[in-house]
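Have a look at the structure below, then the notes.
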Amino acid sequence: MTDRREGGTEFAGELPVVRVDAEIASTEGELAPLGLSLSLDQAAYVMYTSGSSGTPKGVVNTHRNVVELALDPWWASGRHRRVLAYSPLAFDSSTYELWVPLLSGGLAVVLPAAKIDLGEIGEAIARHGVTAAYFTTALFDAMAQEAVDSLGRLEEIWTGGDVLSATALRTVLDRCPDTTVVHAYGPTESTVFCSYQAFTTDTRTVERLHLGGPMANTGMYILDDRFRPAPPGVTGELYVAGSHLAAGYLGRPALTAERFTANPYGPPGSRMYRTGDLARWNQHGEIEFV
C-alpha cells in the first residue's frame, strides 16, 4: 500500500507501506523488479454494481479483461492519446479512462472527481488538449445542450450507460463536424464496453440507434428461454461472450453459475454472460435494445 503524502494515515493489519515521496533503491543502485508473479486470469479489481435488482454484486474483472479492452484495434486511431479521467475508481468507465491511454503510450488527464460540472470539464478539455472522453448518456445530453462547443474540441467521444437521446446525438453531430461520436454498450460484467456504434466524421446522420458491432474477441447472441437463437424481429435475452467476460461475482458461486453460463455456440469450455437485457435483431442485421 502507499500512504498519503501528508502522512499520519494508519492501516489495519500487517501491511507494507511505501512512502510516495521516498526514493526506492535496490542494492544495485537501479530500479529493481518487484519479483511478483502475475497471471492474466488473476483479479485486477472488484467493481460493485448499484444493487438496483437486489444485493450489490462484486464483479471480479481480471488483468486479461483489462488488457483485451485496452488493446482493442479501435483505439489504434490515435484519437485516444489524451483521455479525460474524471470518473471515480468505483465506476467502471475509469478502466477505460486510465488503461486505454496508458497501455498505448498515451496520457490520462486526471480531473478531481469532485469537479464534474460542465464548466470544469470544458475548461480541462481546452487547457490540457484532451482528445477523447467518455460521458454517461445523461452527461452527454447535458453537454449537448449547454457545452457543445467543448465537445467540439474532442477528436472522439464515447457515450453509453443508458438509452441515448437521438436529439442530443444529432446536435453534437451537427455542431461538432470533426468529432467522432461512439454510442457504446456494455455491462460491468463485460469490462466496460462490449459493442459500439460509431458516427465518424463521414457519418453525420442518425438513421437509427442500435447496439452496434461487437468489440474484438467478443460475441453477442439473442436467445430464447431454451438457449435457441431468436429469429430476426423476435425479442429475446441478450448474451455476451468472449475475452471481456469477468471471472464472476466475488464470493457468490451460485449467482456466478446462474449468470455466467456455458456457451453452446463457442469453443469447448467457453462461457457467455446473460445480461438480463431484452433485444432483437432488426431487418438490417443490427441488435436493437428493447
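The values are calculated or read from the model by the stated rules, or taken from the named source; none is laboratory data. Keep in mind it's a predicted model, so treat the numbers as computed, not measured. Cβ atoms come from the backbone with ideal geometry, glycine included; neighbour counts cover every protein chain shown.
On the basis of being in the same structural domain as residue 77 (by TED's automatic domain parsing) and either of a type in the set (Gly, Ala, Ser) or touching a Ser or Thr at 6+ places or on another chain (Cβ under 8 Å) (or both), does residue 155 make the cut? Yes; evaluated as a whole, the condition is true for this residue.
Filter the range 189-214 down to residues that are under 21 Å from residue 236 (Cα atoms) and aliphatic (A, V, I, L, M) and give me whichever is surrounded by the most Cβ atoms within 10 Å (Cβ to Cβ).
The residue in question is 211.
For residue 55, the test of being of a type outside the set (A, V, I, L, M, F, W, C) and either within 13 Å of the chain's Cα centre (by Cα) or modelled with pLDDT of 95 or more (or both) is failed. Residue count for the range 58-74 under the criterion of being over 13 Å from the mean Cα position of the chain (by Cα) and either outside the structural domain of residue 154 (by TED's automatic domain parsing) or surrounded by 13 or more Cβ atoms within 10 Å (Cβ to Cβ) (or both): the result is 7.
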